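Structure first, then comments.
The values are calculated or read from the model by the stated rules, or taken from the named source; none is laboratory data. Because the structure is predicted, anything quoted here is derived from the model rather than measured. With ideal geometry, Cβ positions are generated from the backbone for all residues, glycine too; neighbour counts draw on all protein chains shown.
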Amino acid sequence: MVSVTAPSAPASALTRGVGDAYDILQERGFLYQCSDEAGLRRALAAGPITFYGGFDPTADSLQIGNIVLAMAMAHLQRAGHRAIAVVGGGTTMIGDPTDKTDARRIMTREEIEANAQVIKGQLSRYLDFSAGRGLMVDNAEWLLNLNYIDFLRDYGRYFSVNEMVRAETYRARLETGLTFLEFNYMLLQAYDFLELFRRHGCVLQIGGSDQWSNILAGSQLIRRADGGQAFALTNVIVTDATGAKMGKTAGGLTVWLDPAKMAPYDFYQYWINVDDTLVAQYLALFTFLPMEEIRDLTAAGGAALRPAKERLAFEATALAHGREGAEKAQATARSVFGGATYGTTTDGGGGAGGDAPISALPAREIARSRLEAGISALDLLVEAGLADSRNAARRLIEGGGAYLHDARLENRTVTTADLQDGALLLRQGKKRYRRVMAV
């Protein structure tokens, strides 16, 4: 029987060591479920443990929803424990059915390897992989060479189909159709935990609360197969003000960590524009600021939250894009919005802030010949990075959220006649700008 125990009072931040890692995660709002809180606390207090979190390379960049796990792992590591980041090159070949209404697209090994390399670099901004403090491994190393018959014989007997179909991971998909391929995912993720337990003495897996069944299956496999003790721990699924899982802007764009997919300026602006009610939570989850400082920053509401929002945006951007990237994004935001740090402009109409330098805005280039021939507004918004697709661009225009030179952009053809000083100034909503240069 899995126990999910009520949290106890956190220790003082001034006296914390390896044994206080659980309290750190709890105080900052990460924790959701634990298979054995008392046992995990004893293990953490006994000395440094090895733990892991997994990241399937289903895209060529992490997005901000992935940062929750990375930050939770970073706090455990900073408390003195050893981190293993598993890039799921093997499990991605199957596809995790969790939270999906349809089967994932089958990806090639080449796609997965390319994505994994990018994700490894991005995780290095949050986790320290030097001097034995952490490891980064690819589960393809052991999963791709498994003998199917041997695997079923040795480990399949530890899994109950009745228990598996009751798991939330699969239950939601049974109505729409669950393939046998996807049904294997839980077994493979559980085997990851067992393999890491054997190779590296890993005794804890941490992941999102939607992964509870998969993580728990791994800790149970370690007990059943090897007689070992291991723990399952999940963090909260962070939502935005609408209750949706975080990861997209109000306009529907995914908030990527890759600067080629989302400019650091736009990444910074995402955090600046979060709802006031979420600032304290996001500061605790997405920065390393001490909780005492966070409480001071968010003690007041309204306009007094502006410094807190700016601090959130700067710290989150510095982690994802480096301090230089954060400083540049902050300087651009301040110049564009006439000194206001978020949400307001000086021209009263949502424009680029009176005399603010338009040259400071993120820019794209487009061949002048294409503009001479004419380009659809839908394609222009996609190429400028203000919409993920033509459908998203169409919805943006129909909703009145697309602007060209501060006039609403209609679904029409844009030409060189629309240029001003050799550029097109596009805007999504009130605050996301893109300068498109004709070259």
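For Phe197, are the conditions met, namely being under 27 Å from Arg133 (Cα atoms) and in a helix (DSSP H, G or I)? It is true that Phe197 is under 27 Å from Arg133 (Cα atoms) and in a helix (DSSP H, G or I).
The C-beta contact set for the stretch 108-137 (first residue in the same structural domain as Ala79 (by TED's automatic domain parsing) and part of a strand (DSSP E or B), second residue acidic (Asp, Glu) and surrounded by fewer than 17 Cβ atoms within 10 Å (Cβ to Cβ), distance under 7 angstrom, 6+ apart or interchain) comprises Gly134/Asp128.
Out of all the residues in the stretch 49-70, which are under 14 Å from Leu233 (Cβ atoms) and under 18 Å from the mean Cα position of the chain (by Cα)?
Applying the first criterion (under 14 Å from Leu233 (Cβ atoms)) to the stretch 49-70 yields 49-54, 68-69.
Within the stretch 49-70, Tyr52, Gly53, Gly54, Val68, Leu69 meet the criteria.
Restricted to the stretch 203-231, and to residues there that are assigned to a helix (DSSP H, G or I), among the hydrophobic types (A, V, I, L, M, F, W, C) and within 21 Å of the chain's Cα centre (by Cα), the residue that is nearest to Val87 (Cα to Cα) is Ile215.
Okay, residues lined up against (1) assigned to a loop (DSSP other than H, G, I, E, B); (2) under 16 Å from Gly132 (Cβ atoms); (3) out of contact with any strand residue (DSSP E or B) (no Cβ under 9 Å at 6 or more places or on another chain):
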| site | (1), (2), (3) |
| --- | --- |
| Pro57 | yes, no, no |
| Ser61 | yes, no, no |
| Ile67 | no, no, yes |
| Leu76 | no, yes, no |
| Gly80 | yes, yes, yes |
| Ala85 | no, yes, no |
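The single condition from (1) in a helix (DSSP H, G or I); (2) at pLDDT below 95; (3) crowded, with 17+ Cβ neighbours inside 10 Å that Val274 fails is (1).
Tell me which of these Gly247 doesn't satisfy, since it passes every other one: (1) more than 17 Å from the chain's Cα centre (by Cα); (2) at positive phi; (3) at pLDDT below 95; (4) not polar (S, T, N, Q). Tallying (1) more than 17 Å from the chain's Cα centre (by Cα); (2) at positive phi; (3) at pLDDT below 95; (4) not polar (S, T, N, Q), Gly247 fails exactly one: (1). Among residues of the stretch 302-319 that are free of Cβ contacts under 8 Å to residues at least 24 places away in the same chain, those with a Cβ under 7 angstrom from a residue that is hydrophobic (A, V, I, L, M, F, W, C), sequence gap 6+ or separate chain, pair up as Ala318/Ala326.
Among the residues of the stretch 409-427, is any among the acidic types (Asp, Glu), in contact with a strand residue (DSSP E or B) (Cβ under 9 Å, 6 or more places away or on another chain), under 24 Å from Tyr268 (Cβ atoms) and surrounded by fewer than 20 Cβ atoms within 10 Å (Cβ to Cβ)? Break it down stepwise before answering.
Kept after step one, since they are among the acidic types (Asp, Glu), are these residues of the stretch 409-427: 410, 418, 421.
So of that shortlist, the ones also in contact with a strand residue (DSSP E or B) (Cβ under 9 Å, 6 or more places away or on another chain) come out as 410, 418.
Now narrow it down to the ones that are under 24 Å from Tyr268 (Cβ atoms): none.
No, every residue in the stretch 409-427 fails to be among the acidic types (Asp, Glu), in contact with a strand residue (DSSP E or B) (Cβ under 9 Å, 6 or more places away or on another chain), under 24 Å from Tyr268 (Cβ atoms) and surrounded by fewer than 20 Cβ atoms within 10 Å (Cβ to Cβ).
I'd like the full set of residues that are touching a strand residue (DSSP E or B) at 6+ places or on another chain (Cβ under 7 Å) and modelled with pLDDT of 90 or more, limited to the stretch 251-268.
Initial filter on the stretch 251-268 (touching a strand residue (DSSP E or B) at 6+ places or on another chain (Cβ under 7 Å)): 251, 254-257, 262, 266.
Answer for the stretch 251-268, where residues must be touching a strand residue (DSSP E or B) at 6+ places or on another chain (Cβ under 7 Å) and modelled with pLDDT of 90 or more: Val255, Trp256, Leu257.
For residues in the stretch 394-439 being over 16 Å from Glu383 (Cα atoms) and part of a strand (DSSP E or B), which is modelled with the highest pLDDT? Across the stretch 394-439, the extreme among qualifying residues is Arg408. Taking the stretch 381-393 as the range and being in a helix (DSSP H, G or I) and buried (at least 20 other Cβ atoms within 10 Å of the Cβ) as the test, the residues that pass are Leu381, Ala393. Of all residues in the stretch 362-377, those that are within 25 Å of Pro259 (Cα to Cα) have Cβ atoms under 8 Å from Cβ atoms of residues that are in a strand (DSSP E or B) and among the basic types (Lys, Arg), 6 or more apart or on another chain, in Pro362/Arg434; Pro362/Arg435; Ala363/Arg434; Ala363/Arg435; Arg364/Arg434; Arg364/Arg435. Only residues that are surrounded by fewer than 16 Cβ atoms within 10 Å (Cβ to Cβ) and touching a residue at least 60 places away in the same chain (Cβ under 8 Å) were counted across the stretch 394-408, and they come to 1.
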